[in-house]
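The values are calculated or read from the model by the stated rules, or taken from the named source; none is laboratory data. Everything numeric in this text was worked out from a predicted model, so none of it was measured. All Cβ positions, even for glycine, are placed from backbone atoms using ideal geometry, and neighbour counts span all protein chains on display.
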Amino acid sequence: MARTAKLVYFTLVNAILLLLLLELGARLIHKPDPLQNVSSTSVPYQLHPFFQSSCPPSTALSRDPRFHGWPTNPPMPEALEGPHRRILFLGGSTTASRYPHLVRWLLDAQGLSTSAFICGYDWHCSLHSLYKLETYADTVRPDLVIVLEGINDFYRGFTSPALSLPEYREDYAHYAGALHPFWIAGTALEDQRPAFFAQPIGRYSDHAARDDSVGGWFRLLADQSLLLRNIRELAPRQEPQGLSVPMEESVVLRSLPAFERNMRSLARSARRRDIPMVFLTMPWTLQSTRTFLPPAGFFTNDGVHHLDDAGFQMGMSRFAQSVEQIGGEEGVEVISLHKGIEDPGLFTDEVHLNDAGLEQEARVVVRELLARGLVGK
């Protein structure tokens with residue numbers, strides 16, 4: 001018995017040591033994108049509305065498209081002065097990418113000195129972009145505004161139960177969106193309706209319930225493990241159970257009216273300030289890695305219905321058509337990226353482009369901006 005206990009003990013110790021060594025190895029091999037040395041005029045400033053989630057704080061100037069920290073000051077004066085033109089980029093995660101910086105770099109190569117102010121962020125919708133334009137346009141005084149919206153407005157009508165309440169609400173109250181790291185589902189005290197509320201973090205975390213059990217401690221370690229995170233990413237996706245009922249067209253397109261209203265408001269807000277605006281339509285594919293569509297099962301807000309390929313194709317087409325139509329009616333230039341970027345090899349999933357795709361996107365945008373006289377010497 002003692003020998004067996006000793007064997008079990010040493011086996012566990014060796015297993016833990018092995019896991020620690022593997023975790024250490026994973027962290028040594030893992031190389032995050034290094035911060036580049038850039039000037040205050042070339043850094044893409046990411047402006048930050050109050051409802052935007054953020055990455056860990058950093059004081060460094062960075063070309064990383066993700067915003068760092070909660071700023072208390074506006075962009076540096078150097079970025080708002082001088083002869084360079086200022087372009088304000090609005091959108092979601094497809095804008096919070098390297099494409100705005102590539103646009104700036106390509107314009108610089110043409111002798112057109114440019115500063116990029118990137119207001120794109122993961123999960124954000126046209127309503128967020130409208131808020132950002134109204135908030136920052138008078139401070140930044142952009143020479144041009146470029147808007148790339150579609151997918152986030154589209155899927156907020158039926159996003160997953162972890163990020164959305166079952167009851168669709170026109171005012172976005174059902175949708176956690178960019179605040180999903182901080183919000184948790186609960187019940188409203190007054191009317192007992194499903195609601196999201198903020199989960200205390202930082203110095204307020206003591207006000208939140210914690211799992212101090214041994215199991216909770218191991219779960220915390222597992223959540224923070226880079227090794228396990230990489231293993232989870234490599235693991236094959238499992239076919240979700242119960243996603244067998246495609247959504248009706250009325251559900252697939254139920255967020256379209258609010259999207260159209262917000263896009264018209266964006267165009268009119270820019271026109272009121274005499275700022276040229278460009279709408280981009282969003283490219284998509286069905287032949288790349290599945291992040292949202294089955295078998296991933298992300299596009300459902302009741303745990304039963306799902307968005308099938310035909311519904312996705314129809315919805316993305318309708319949203320693109322709306323962008324083109326509203327642009328024509330409101331006097332906004334439209335660049336139909338979805339008609340020129342179709343190669344599945346340019347995508348990392350249904351809507352996000354890889355490096356080659358982002359470069360092609362930026363080149364198309366710059367070519368059209370130059371051809372239409374929207375940027376000049």
I need the full set of residues from region 114-148 which are of a type in the set (Val, Ile, Thr) and more than 12 Å from Ile87 (Cα to Cα), in order please. Thr135, Thr139
Listed by range, helices (runs of 4 or more DSSP H) wholly within region 1-111 having at least 2 residues that are modelled with pLDDT of 80 or more and within 23 Å of the chain's Cα centre (by Cα) are 99-109
Per the list (1) over 29 Å from Thr289 (Cα atoms); (2) assigned to a helix (DSSP H, G or I); (3) touching a strand residue (DSSP E or B) at 6+ places or on another chain (Cβ under 7 Å), residue check on Leu370 breaks on (3)
Can you go through Phe259, Phe298 and tell me which one is within 24 Å of Glu170 (Cβ to Cβ) and in contact with a helix residue (DSSP H, G or I) (Cβ under 7 Å, 6 or more places away or on another chain)? Phe259
Being surrounded by 10 or more Cβ atoms within 10 Å (Cβ to Cβ), assigned to a loop (DSSP other than H, G, I, E, B) and modelled with pLDDT under 70 is the requirement here; does Gly303 meet it? no
Looking only at region 347-363, decide whether some residue is among the hydroxyl-bearing types (Ser, Thr, Tyr) and within 20 Å of the chain's Cα centre (by Cα). yes
Just to be sure I understand the filter: pairs with C-beta atoms under 8 Å, separated by 6 or more residues or on different chains, first member in region 248-262 and outside any helix (DSSP H, G or I), second member of a type in the set (Lys, Arg). Which pairs pass? Leu253/Arg318; Ser255/Arg156
Does at least one position in region 334-357 carry a residue that is over 23 Å from Leu107 (Cβ atoms), of a type in the set (A, V, I, L, M, F, W, C) and crowded, with 17+ Cβ neighbours inside 10 Å? yes
